[in-house]
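What follows draws every value from the coordinates through simple rules; no lab data is involved. In this text the structure is predicted, and so the values were computed from the model without any measurement. Every residue, glycine as well, gets a Cβ built from its backbone with ideal geometry; the counts of neighbours run over all protein chains shown.
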Amino acid sequence: MTLHFNIPSQISTPPTTFKSNGNHDYRGDVEAQLNPILQNIDHRWFCQRSFIVHTEIAEFFFVDTTPFVDKYFLKPKDHKYDWRGVLPRNKFNSKQRIWKQH
């Protein structure tokens, strides 16, 4: 995993980096990216599987849809996926569907 924290010096207040996981993240150590220790290294790092960012003019929804894609589970080809925190899949997907309804 590569973290990109080099923000150009002309930006006076570097923005928070909002990230949700995607399919390539599960091919490595997915839990490392979700680890809150990264925020201790750089307070701008924010990574969760799914979350909402409320602003004054808009709401941004970040949703990790990878666990909903059957082919990653049924036909992974040569890829090895790190499904910690997702299995059992039916339980995880149920939580995500409830979360999206709120």
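Observations
- Projected label distance in nm at Trp83 and Arg27, using a 7 Å step from Cα toward the beta-carbon: 1.8
- Karplus-derived HN-Hα couplings along the stretch 25-40 (A = 6.51, B = -1.76, C = 1.60, θ = phi - 60°), whole Hz, x at Gly and Pro: 5, 6, 8, x, 9, 4, 5, 4, 6, 8, 5, x, 4, 4, 5, 6
- Percent RCO, i.e. relative contact order, over the stretch 17-101, from Cα pairs under 8 Å lying at least 6 residues apart: 33
- For the stretch 50-60, 3J(HN,Hα) computed residue by residue from phi via the Karplus equation (6.51, -1.76, 1.60; θ = phi - 60°) reads 8, 6, 10, 10, 8, 10, 5, 10, 7, 10, 10 Hz, glycine and proline entered as x.
- Anisotropy class of the stretch 17-101 from Cα gyration tensor, a/c 1.5 cut: oblate
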